[in-house]
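Engineer: Let me begin by handing over the structure; questions about it come next.
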Amino acid sequence: MANTESLENVVLELRRGVIVLAALSQLSTEQYGYSLLKQLSEQGLEVDQGTLYPLLRRLEAQGLLESVWKLEEARPRRYYVISAEGKKILPKLKKEWADIVSVMKKMLA
Amino acid sequence: MKLINRYVSEVGKHLPLIQGREDIEKELRSTLEDMLEERAEKAGKPADEAMEIELLKEYGSPQKVAMTYNPHPYLIGPRVFPFFLMILKIVFFGIAIGLSVVTIIQLLSQLSTGVAFMSPDFMKTILQGVGNIISTAIAAFGYVVVAFVLIERFVPDFKIDFEEEKEWDPAALAKEPDADSISRSELIAEIVFTFVGLAILNFYPQILGMYFFSGEESFFIPIFSDVFLKFIPWINLIFLAEIAVDIYLLRNAVWTTATRVAKIIIEGASLVLAIVFVRTTDIIGFTAESFANSPFTPEQAERFVTVANVSITIGIIVVVVIVSVELIKAVIGLVRSLNRK
């Protein structure tokens, strides 16, 4: 019981950092929260709504994303897109990720 | 869609009072409507209440959803927590020491008026003292928590540089202490005692006196007369300045010319105040008149008055000496540091 719980916690911690990178990488074209969620899921990354929406707001507050409300099909939707600041740091994050992956691959081989 | 609307406003109720609350609600509503629409399409029939219920059940309870938007799921966050602990230790330490001293003085004055050692009255004072420490500590804990909650919420830039976080040079361990480095424990002790003094002076002036017990009756005489009251704002000013400088020193961990000058001014002001004290007549509360309604005979009262006046004068002289030593230390420190530059 305790083991499953700690396993879940570790997995959650591992994914948390990845989601930021995943979201930033997918927002070069603007998307609203639910469409981003579906897009991530189609590519194999299942993210909880309760994680993604607050995260998008946080990234916007940090200046990495921009957002705008648009009225579509009689429904207002908040569209997010990567900001200039976000574009600047995305390559660095990608490089960081590649480094982590190559180090861990070797370590876990 | 009725249920979605109710759900969204329920989430709104649980959202923290942060900016963009309406925005969050609007985004949540739009998302839920999208999801519902998708489900209806898949099922090949228009959305109904059963679908709505299923969707909302999966989305989670309004409290849980609201929680995910809370950037501060704590009262006192990790940013200020170390400083919170430090202040709490100082305050608890100060309360324990200060109130123990008060209780001991009460016990001694009881003994001097004929209350037997370990008698019920004596034990009562001890128990009251312990009770006082506990209740004051709990109240103080509350005040400190409130202060830090306010800092957490409204002072986003608040940050204390603990020594460990600064660039730390292990070579410092081997070196002789620097003349400019401060003694942390000395500063903390000074803050504690100044704080206790400030608290007693302003909130518990009634303990600055002597209780006499004679049978069922107790009789209280304050140490200082009303003349003393006009000194309180000045003492407060000096004490607060002292605490401010000490906290500044704690944060920066090193003496500078500015802090040395500030210290000299404060100690100088204390010295002047202490001297004015000694020279002010009628400042001491123990007079023949104050014993007029007491159960003591005039001879006993006179003896008390003489002893009390002499001891209080001695006390003030001790304070003058201590302050002078501090003042001289601060001046020497300043001169030395200026010479080094």
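The values are calculated or read from the model by the stated rules, or taken from the named source; none is laboratory data. Because the structure is a prediction, the values reported are computed rather than measured. Please note: Cβ atoms are built from the backbone with ideal geometry, for glycine as well, and neighbour counts cover all protein chains shown.
Engineer: Examine segment B:88-105 for a residue that is within 14 Å of chain A (Cβ to nearest Cβ), out of contact with any helix residue (DSSP H, G or I) (no Cβ under 8 Å at 6 or more places or on another chain) and free of Cβ contacts under 8 Å to residues at least 24 places away in the same chain, and state whether such a residue exists. If you could, list the steps in order and put the result at the bottom.
Structural biologist: Of segment B:88-105, the ones within 14 Å of chain A (Cβ to nearest Cβ) are none.
No, that holds for no residue.
Engineer: If you check every pair at least six apart or on different chains, which have Cβ atoms under 9 Å apart with a residue in segment B:297-319 that is closer than 25 Å to B:LEU271 by Cα first and a residue that is small (Gly, Ala, Ser) and part of a helix (DSSP H, G or I) second?
Structural biologist: Pairs found: B:ILE316/B:ALA274; B:ILE317/B:ALA274; B:VAL319/B:SER270; B:VAL319/B:ALA274.
Engineer: Here are some residues: B:ALA274, B:ALA308, B:ALA253. Which one is at positive phi, among the aliphatic types (A, V, I, L, M) and surrounded by 12 or more Cβ atoms within 10 Å (Cβ to Cβ)?
Structural biologist: Sole residue among the options that is at positive phi, among the aliphatic types (A, V, I, L, M) and surrounded by 12 or more Cβ atoms within 10 Å (Cβ to Cβ): B:ALA253.
Engineer: Give the number of residues within segment B:7-37 that are part of a helix (DSSP H, G or I) and more than 10 Å from every other protein chain (Cβ to nearest Cβ).
Structural biologist: Result for segment B:7-37: 12.
For (1) part of a helix (DSSP H, G or I); (2) more than 27 Å from the chain's Cα centre (by Cα); (3) closer than 25 Å to B:PHE220 by Cα, each residue gets a yes or a no:
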{"site": "B:LEU273", "(1), (2), (3)": "yes, no, no"}
{"site": "B:VAL276", "(1), (2), (3)": "yes, yes, no"}
{"site": "B:THR281", "(1), (2), (3)": "no, yes, yes"}
{"site": "B:PHE286", "(1), (2), (3)": "no, yes, yes"}
{"site": "B:ASN309", "(1), (2), (3)": "yes, yes, yes"}
{"site": "B:ILE314", "(1), (2), (3)": "yes, yes, yes"}
{"site": "B:LEU327", "(1), (2), (3)": "yes, no, no"}
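Engineer: Moving to a separate point now. Scan segment B:265-280 and report the pairs whose first residue is under 10 Å from B:TRP234 (Cβ atoms) and free of Cβ contacts under 8 Å to residues at least 40 places away in the same chain and whose second residue is among the aliphatic types (A, V, I, L, M) and part of a helix (DSSP H, G or I), with Cβ atoms within less than 6 Å and a gap of 6+ or a chain change.
Structural biologist: So the pair list comes out as B:ALA269/B:ILE238.
Engineer: Right, next: With the requirement that a residue be closer than 19 Å to A:LEU55 by Cα and either within 12 Å of another protein chain (Cβ to nearest Cβ) or loosely packed, with under 12 Cβ neighbours inside 10 Å (or both), what does segment B:67-82 give you?
Structural biologist: Taking segment B:67-82 as the starting set, the residues that turn out to be closer than 19 Å to A:LEU55 by Cα are B:67-74.
Residues satisfying the conditions are B:MET67, B:THR68, B:TYR69, B:ASN70, B:PRO71, B:PRO73, B:TYR74.
Engineer: Please go through (1) of a type in the set (Phe, Trp, Tyr); (2) closer than 19 Å to A:ARG16 by Cα; (3) part of a strand (DSSP E or B) for A:TYR53 and return the number of the only condition it doesn't satisfy.
Structural biologist: (3)
Engineer: Also: Please count how many residues of segment B:38-66 are facing another protein chain (nearest Cβ under 9 Å) and surrounded by fewer than 17 Cβ atoms within 10 Å (Cβ to Cβ).
Structural biologist: 3
Engineer: Oh, and also: Just need a number here: residues in segment A:58-77 that are assigned to a helix (DSSP H, G or I), at the interface with another protein chain (Cβ under 10 Å from one of its Cβ atoms) and modelled with pLDDT of 90 or more.
Structural biologist: So the count comes out to 1.
Engineer: Could you say whether any residue in segment A:3-16 is in a loop (DSSP other than H, G, I, E, B) and free of Cβ contacts under 8 Å to residues at least 40 places away in the same chain?
Structural biologist: The answer is no; no qualifying residue exists.
Engineer: Need the failing condition index for B:ALA50 against (1) in contact with a helix residue (DSSP H, G or I) (Cβ under 8 Å, 6 or more places away or on another chain); (2) not assigned by TED's automatic domain parsing to the domain that holds B:PHE154, just the number.
Structural biologist: It fails just one condition, (1).
Engineer: Scan segment A:31-57 residue by residue and report those that are surrounded by fewer than 17 Cβ atoms within 10 Å (Cβ to Cβ) and more than 13 Å from every other protein chain (Cβ to nearest Cβ).
Structural biologist: A:GLN39, A:GLU42, A:GLN43, A:GLY44, A:LEU45, A:GLU46
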